[in-house]
Amino acid sequence: NYRDIEAAGVLLAVVRLDVVYKAPARYDDVLRLDTTLARVGVVKIEHTYELWRGADLLATGSTTLACLDRTGRARPLPDGLLTPAAARLES
């Protein structure tokens, strides 16, 4: 879990966030967020997102997370974060 990652001195900071809103969501809507691991680099992880209400796409987005040490300097992602699927995305 993320608390354990931070306890080990590894921080994941959002360094980029993009959102495109296509339609509004309303209170009490049942929503589904689809998240895709798009790319894993040496120090960063990129995700893409789609927010759905039934068959209606409400928003798309992406984030880039950078792996930092406690001083705020970039550091390689720890091996524990690189699952076999994520490791395949590195190339």
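The values are calculated or read from the model by the stated rules, or taken from the named source; none is laboratory data. Bear in mind that the values here come from a model prediction, so they are computed numbers and not experimental data. Cβ placement follows ideal geometry from the backbone for every residue including glycine, while neighbour counts extend to all protein chains displayed.
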Are any residues in the range 14-29 of a type outside the set (Lys, Arg) and touching a residue at least 12 places away in the same chain (Cβ under 8 Å), and if so, which ones?
Val14, Val15, Leu17, Asp18, Val19, Val20, Tyr21, Ala23, Pro24, Ala25, Asp29
Before we move on, is Val30 within 20 Å of Leu81 (Cα to Cα), of a type outside the set (Ser, Thr, Tyr), out of contact with any His (no Cβ under 8 Å at 6 or more places or on another chain) and not in a strand (DSSP E or B)?
no
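Conditions tested, residue by residue: (1) closer than 26 Å to Pro24 by Cβ; (2) touching a Leu at 6+ places or on another chain (Cβ under 7 Å); (3) modelled with pLDDT under 95; (4) of a type in the set (Asp, Glu).
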site: Trp52; (1), (2), (3), (4): yes, yes, no, no
site: Cys67; (1), (2), (3), (4): no, yes, no, no
site: Leu77; (1), (2), (3), (4): no, no, yes, no
site: Ala86; (1), (2), (3), (4): no, yes, yes, no
Neighbours by Cβ (under 8 Å, 6+ apart or cross-chain): first from the range 45-73, surrounded by fewer than 17 Cβ atoms within 10 Å (Cβ to Cβ); second among the basic types (Lys, Arg)
Glu46/Arg39; Trp52/Arg32; Arg53/Arg32; Leu57/Lys22; Thr60/Lys22; Ser62/Arg16; Asp69/Arg75
Considering the range 5-45 alone, what residues qualify as being in contact with a Leu (Cβ under 8 Å, 6 or more places away or on another chain) and among the aromatic types (Phe, Trp, Tyr)?
Tyr21
